[in-house]
1. Return 52, 40 ranked ascending by Cβ neighbour count within 10 Å, so the fewest neighbours appear first.
2. Just one of [x] 1.25; [y] 1.00; [z] 0.95 is Rg/Rh (Cα atoms, Kirkwood Rh) as worked out from the coordinates here. Which one is it?
3. With +1 on each Lys and Arg Cβ and -1 on each Asp and Glu Cβ, and nothing else charged, work out how big the dipole of region 24-92 is about its Cα centre, in Debye to the nearest 20.
4. Order of 45-51, 27-33, 77-83 by packing, highest average Cβ count within 10 Å first?
5. Quick one: order 63, 88 by neighbouring beta-carbon count within 10 Å, fewest to most.
6. Over the chain, what is the relative contact order in whole percent, taking alpha-carbon pairs under 8 Å and six or more residues apart?
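Every number here is computed from the coordinates shown, using simple stated rules; none is lab data. Here the structure is a predicted model, which is why all the values come from computation and not from measurement. Cβ placement follows ideal geometry from the backbone for every residue including glycine, while neighbour counts extend to all protein chains displayed.
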Amino acid sequence: MKQDEIIQRLERIEQLLVGQATKPLTFLEACQYLDCSKSHLYKLTSKNLIPHYKPNGKKVYFSKQELDAWLLRNPIRTASEIDIKAASYVAAKP
């Protein structure tokens, strides 16, 4: 491969990555991003359990940032974090 071809490919990849950062995800892209089945994502959208958009009432779109926030909405604390919180609670009690 010539150096010019490599540079052109890298520029094309860079353009795709920049476009993906702001472009809303389609239904199928969201399924891939979330690693879930189409039926599961359909249930989540139909029950309004996941943030989504329907600009024309048919096609469904998703914001990657909102999907990230949705994925990280219920953190599970580590045992050490729980111990620290419990110790500070006990220490603060009169």
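1. 40, 52
2. Working out Rg/Rh (Cα atoms, Kirkwood Rh) from the coordinates points to [x].
3. For this selection, approximately 440 debye.
4. 27-33, 45-51, 77-83
5. Fewest-to-most ranking of 63, 88: 88, 63.
6. 23
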